[in-house]
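Heads up, the thing below is written out as structure tokens.
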């Protein structure tokens, strides 16, 4: 499939002049949702990305496994941000490190 064929399948949305000046265009997302109301937790978005061959081989095209690893990393970052905002935790950590 060439670029023209791919673009013909997209639905373009109104794009600001500033975005156009940078060579960007807005496209309608193609969500795949589970039954019921769509939320971030129950919808999938099809994307294309490049992975190292060894990473792809490890996951063997198992999207559930890829989602689990990415979700774990996302939750780990969320927890670390919450802990850094927790003044009691930071104080206790400071004491522990000083010992």
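The values are calculated or read from the model by the stated rules, or taken from the named source; none is laboratory data. What you see is a predicted model; the values in this text were computed from it and never measured. Here the Cβ is made from the backbone with ideal geometry for all residues, glycine too, and neighbour counts use every protein chain on show.
Out of 34, 9, 3, I need the residue that is modelled with pLDDT under 70 and touching a helix residue (DSSP H, G or I) at 6+ places or on another chain (Cβ under 6 Å). Which one?
Values: 9 fails: touching a helix residue (DSSP H, G or I) at 6+ places or on another chain (Cβ under 6 Å); 3 fails: touching a helix residue (DSSP H, G or I) at 6+ places or on another chain (Cβ under 6 Å).
From the options 34, 9, 3, the qualifying one is 34.
Please work out if residue 45 is closer than 30 Å to residue 27 by Cβ and modelled with pLDDT of 85 or more. Considered against the rule, which asks whether it is closer than 30 Å to residue 27 by Cβ and modelled with pLDDT of 85 or more, residue 45 comes out as no.
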